[in-house]
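Engineer: Below: one structure in C-alpha cells.
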Amino acid sequence: MLLFAGCAESRRPWTIDASRYAVAADRADASQAGAQILAQGGNAVDAAVATAFALAVVRPESCGLGGGGFMLIHRPGDSPIALDYREQAPADTRLALYRDANNRLDPARIRRGGLSVGIPGTVRGLLHAFDNYGSGNITREQVLAPAIRLAMQPLVADAHLSDAIEAFRKSCSEQPDNRRRFAGLSLAILTDDAVGRTRIDRSDMVSTLRAIAEHGAEGFYEGGIAQRIVDTVRSDGGVMSRTDLADYRVRELTPIQCSCFGYDVLGMPPPSSGGAVIGETLHILESFNESGLREAYQRDYIDRDVPEAALCAQPGTSSHVQHVQPGEYVHLLVESMKPAFADRAALLGDASPEVSASVARMLNASRARRIAESIDVRRAAAWTQYHESVMVGDDGGTSHLSVIDTNGMAVACTESVNLLFGSRLLVPGTGVILNDTMDDFSLDTSTPNAFGLRQSERNIVRAGARPLSSMSPTIMLKDGDVRLVVGASGGPRIITSTLQTMLHVMVGDRRVDDAVAAPRVHNQWLPDLVYVQPGVSAALRDSLRRRGHTLKESKTIGHVQAVERVPDGRLRAACDPDKGGRPAGR
Ligand code: DON
C-alpha cells in the first residue's frame with residue numbers, strides 16, 4: 001500500500017533535526033518564539049508558554065487568551081504534571097438557558113455567541129506553568145515579548161486562516177444577523193484589494209499582553225479587561241460574571257500513565273478523554289499477538305511483499321501461522337478505536353470519583369484483552385456491540401505544540417477556542433476572541449455536538465463543570481527518558497491522529513516525520529464510519545470495505561505537531577504539512 005510513498009521527498013520544510021532543543025507548533029513564528037526563549041536560557045515550559053502566547057496572536061482561529069487548554073510536563077528525575085486550564089461553565093449556567101421559545105433544547109445557543117462561552121483558562125494556565133515550572137531564568141516580560149512583537153505586525157492570513165475567514169464570511173452572508181452579532185470580528189478582518197491579501201488586525205492584543213506582562217493573571221481576570229469580557233458575553237445573552245473570572249483556578253492533576261509496547265505513556269486525564277481513550281486503544285492493540293501485529297503493520301504501511309506465512313495477529317494465536325491479509329492492521333486499529341470511543345461516550349465527563357473509576361476500568365489490561373478477543377479479524381463489529389443503550393467537522397479552533405529542551409524536559413500542550421474563531425465574539429479593544437467550548441458539553445444524551453460526538457449524563461452542561469475534551473497532549477518515555485512529544489488539533493480526530501503517530505513509532509519503528517506524514521484513518525464509534533485520507537490506497541480501502549466498514553473520504557484527519565528524541569539523544573521535530581506549521585530549534 002505504500003502509505004509512506006509520499007515521504008520520500010528530499011525537501012521537507014515542516015521537519016527539522018536538532019541537537020539541543022526543538023519546538024513544533026502550527027505556525028513558524030510561534031515555534032520561533034519558543035526557540036528564542038530556549039536560546040535565552042529558558043526551559044521547555046518557558047518555551048511552551050512563549051509559543052502559546054505567540055499562537056494566541058497568530059492563530060486567532062484556533063486558540064488564544066479567550067480559550068483554554070491542557071499542558072503535560074515531563075521533568076527528568078521528577079514526577080510528571082498535568083495542568084488543566086480548560087474553560088469552565090459560569091456559576092449561573094442552567095440547562096434551561098439553552099431552550100428555545102417552544103421549550104426545546106436548541107444546539108445553536110450552545111454553539112456560538114454568549115451562551116457558548118466558558119470561563120477562559122489560558123492566561124491563568126500559562127502563567128501557572130511559567131511561575132511554577134519555568135526555569136526562573138526568564139522574566140514574564142521576556143516570555144511575553146515575542147507575542148507582543150507579533151501583535152504589532154499585520155497578521156497576513158495563511159491558508160488555514162484564510163479558510164477560517166472564508167467560512168466566517170460565508171456564515172455572515174447566509175445569516176445576516178451574524179454580521180451584526182459578530183461585527184467586532186468582521187471589522188478586524190481586512191482585505192487589501194490591491195493585492196487581494198487578507199489580514200487580521202491584532203494590534204489590540206498589544207495592550208492586553210502588556211497588561212498581563214505587568215500585572216500577571218490579575219491583569220486579565222480582574223479590572224478593565226475582565227469587565228469588557230463580561231460585557232461582551234452578557235450583551236449576547238451569556239451569563240458570565242466578574243466573580244466567575246476572578247475565581248477561575250488552574251487544576252494540577254496526575255497524568256494518566258500506562259505502559260504499552262515497551263514505552264511508558266503519559267496522557268491527559270479528565271476532563272480530557274485523550275489519555276483514557278489512547279490508553280484503552282493501545283491496551284487492546286497490545287493484546288494481539290505482537291509479532292503478528294508488526295507483520296500486519298509492515299504489510300499495510302511499508303510494502304506489499306510480506307512473507308507468505310506470517311503470524312496472524314488475533315489474540316491467542318501465537319502458534320497459528322496464517323497469511324496476513326491486506327488491511328488487517330488498519331482493521332484492527334479501527335476495531336480497537338470503537339470500544340474506546342464508545343466508553344468515552346458512555347462513561348466520561350469532568351473529573352469526579354465516578355469518572356476516575358471509569359478511567360481505571362478503561363485502562364484495565366484484562367478488560368482490554370477480553371475486548372481484543374471479541375474482535376473479528378475478518379469483520380467490522382456493529383456499533384451496537386458497544387454500549388448499545390447509550391444513545392449518546394473537522395479541524396477547527398485548536399492548536400497543539402510540542403517542546404523538548406536541552407535537559408530532556410518535555411512539554412506537550414494543546415489549547416483551543418473550540419470551533420473556528422470560537423464563539424466569534426471579539427472583546428472590543430482587547431483582541432481577545434472568546435471560546436465556544438460550552439458546546440463540548442451535551443445538552444442531552446441523544447443530540448451529537450458539533451463533532452458528531454454523543455455523550456452521557458456525565459457530560460451534560462452544568463454550572464461550575466468543565467466539559468469533556470478530546471485534546472490529547474501526550475508524552476512517550478523509553479526507560480524514563482522522553483522519546484516522543486505529540487498531540488494534535490481536530491476535535492475527536494485529535495485522539496486518533498495522536499494515537500496513529502505514536503503507533504508508527506511504537507509498532508512501526510518509524511521516524512517522527514514519516515509518522516506525521518502518513519495518511520490516517522479515523523473512527524469514533526458513532527457515526528459508524530471509517531474516515532480515510534486521500535493518501536490511503538485503493539487496495540486498503542477495498543480490504544476495509546470487504547470487512548464491512550463504510551468509508552468516507554476526509555481531506556484532513558487531525559493536524560499533528562511532534563518532537564522525538566532518538567536513542568542517541570538527537571532531536572527531530574515535525575509539523576503536519578497540512579496546517580502549514582514549521583518547527584524551530586538548534
Ligand atoms: O476540547 C475539545 O475536544 C474540542 N474543543 C476541540 C476542538 C478542536 O479540536 C477543533 N479543531 N481543531
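Engineer: Suppose all protein chains stay in the model; what accessible area per residue would a 1.4 Å probe give for the chain, in Å²? Working shown, then result.
Structural biologist: Numbers: 20010 Å² over 586 residues.
Result: 34 Å² per residue.
Engineer: Moving on to the next point. Calculate the FRET efficiency for Lys552 and Arg586 from the Cβ-Cβ distance with a Förster distance of 51 Å, rounded to the nearest 0.05.
Structural biologist: Values: r = 42 Å, r/R0 = 0.82.
Between Lys552 and Arg586 the formula returns 0.75.
Engineer: How high is the relative contact order of region 67-207, in percent, with contacts defined as C-alpha pairs under 8 Å that are six or more residues apart?
Structural biologist: Numbers: 127 pairs, mean separation 28.0, N = 141.
After rounding, I find 20 percent.
Engineer: Using the basic label-point model (7 angstrom from Cα toward the beta carbon), what is the Val156 to Ala538 distance in nanometres?
Structural biologist: Placing both labels 7 Å beyond Cα along the Cβ direction yields 4.1 nm.
Engineer: Any chance you could look up the accessible area of Arg361 with a 1.4 Å probe, heavy atoms only, rounded to 10 Å²?
Structural biologist: It works out to around 120 Å².
Engineer: Determine, from the Cβ-Cβ distance of Asp17 and Glu290 and an R0 of 25 Å, the FRET efficiency 1/(1 + (r/R0)^6), rounded to the nearest 0.05. Kindly include the intermediate steps, with their values, before the conclusion.
Structural biologist: Values: r = 30 Å, r/R0 = 1.20.
Result of the calculation: an efficiency of 0.25.
Engineer: Now for a different question. For Arg149 and Ser352 in the same chain, what is the full-extension length gain: residue separation times 0.36 nm, less their Cα-Cα distance, in nm? Display every interim value, and only then the final one.
Structural biologist: Values: separation 203, 0.36 × 203 = 73.08 nm, distance 4.15 nm.
Gain on stretching Arg149 to Ser352: 68.9 nm.
Engineer: Please work out the Kirkwood hydrodynamic radius for the chain, using every pair of different C-alpha atoms, and report it in angstroms with one decimal place.
Structural biologist: Numbers: mean 1/r = 0.0422 Å⁻¹.
By the Kirkwood definition, the hydrodynamic radius is 23.7 Å.
Engineer: I want to check the label-to-label distance for Arg197 and Leu95. Put each point 7 Å from Cα in the C-beta direction and report it in nm to one decimal.
Structural biologist: About 5.2 nm separates the two model spin labels.
Engineer: Ignoring everything except DSSP H segments at least 4 long, calculate the 222 nm mean residue ellipticity for the chain; use -39,500 (n - 2.57) per segment, divide by total residues, nearest 500.
Structural biologist: Working: 20 runs with 214 residues, N = 586.
Computed mean residue ellipticity for the chain: -11000 deg cm²/dmol.
Engineer: Given the convex hull over the Cα atoms of region 190-271, what projected area results after averaging over all orientations, in nm²? Display every interim value, and only then the final one.
Structural biologist: Values: hull surface 43.5 nm².
Its average projected convex-hull area is 10.9 nm².
Engineer: Please sort 23-33, 80-90 by packing, taking for each peptide the average over its residues of neighbouring beta carbons within 10 angstrom, highest first. Each step should come with its number before you reach the end.
Structural biologist: Numbers: 23-33: 28.7, 80-90: 25.1.
Result, highest mean Cβ count within 10 Å first: 23-33, 80-90.
Engineer: Additional query: In the chain, carbon and sulfur make up what percent of the accessible area (probe 1.4 Å)?
Structural biologist: 47 percent
Engineer: Binning at 10 angstrom from zero up to the longest distance, how are the C-alpha pair distances of region 17-78 distributed in percent?
Structural biologist: Each 10 Å bin holds this share of Cα pairs: 23, 51, 24, 3.
Engineer: While we're on this one: Give, rounded to the nearest 20 debye, the magnitude of the charge dipole that region 513-581 has about its Cα centre when Lys and Arg contribute +1 at Cβ and Asp and Glu contribute -1 at Cβ.
Structural biologist: Values: 11 positive and 9 negative charges, 42 e Å.
I would put it at about 200 debye.
Engineer: For a Förster distance of 51 Å, can you work out the FRET efficiency between the beta-carbons of Asn132 and Asp376, rounded to the nearest 0.05? Working shown, then result.
Structural biologist: Numbers: r = 49 Å, r/R0 = 0.96.
Rounded to the nearest 0.05, the efficiency is 0.55.
Engineer: Per residue, what volume in Å³ does the convex hull of the Cα atoms of region 414-481 enclose?
Structural biologist: Working: hull volume 10.9 nm³, N = 68.
Convex hull of Cα atoms, per residue: 160 Å³.
Engineer: A further question on this structure: Could you size up the charge dipole of the chain around its Cα centre, putting +1 on the beta carbon of Lys and Arg and -1 on that of Asp and Glu, and report it in debye to the nearest 20? Walk me through the intermediate numbers first.
Structural biologist: Numbers: 64 positive and 69 negative charges, 113 e Å.
Charge dipole, the chain, about its Cα centre: 540 debye, nearest 20.
Engineer: Could you work out the percent of alpha carbon pairs in region 327-485 separated by over 28 Å, rounded to a whole number?
Structural biologist: On the way: 4541 of 12561 pairs.
The answer is 36 percent, as a whole percent.
The values are calculated or read from the model by the stated rules, or taken from the named source; none is laboratory data. Keep in mind the model is a prediction, meaning the values are calculated, not measured. So basically every Cβ, Gly included, is an ideal-geometry build from the backbone, and we count neighbours across all protein chains shown. All accessible areas refer to the heavy atoms of the entire protein, side chains included, with ligands and DNA or RNA removed. Shrake-Rupley method; radii C 1.70, N 1.55, O 1.52, S 1.80 Å.
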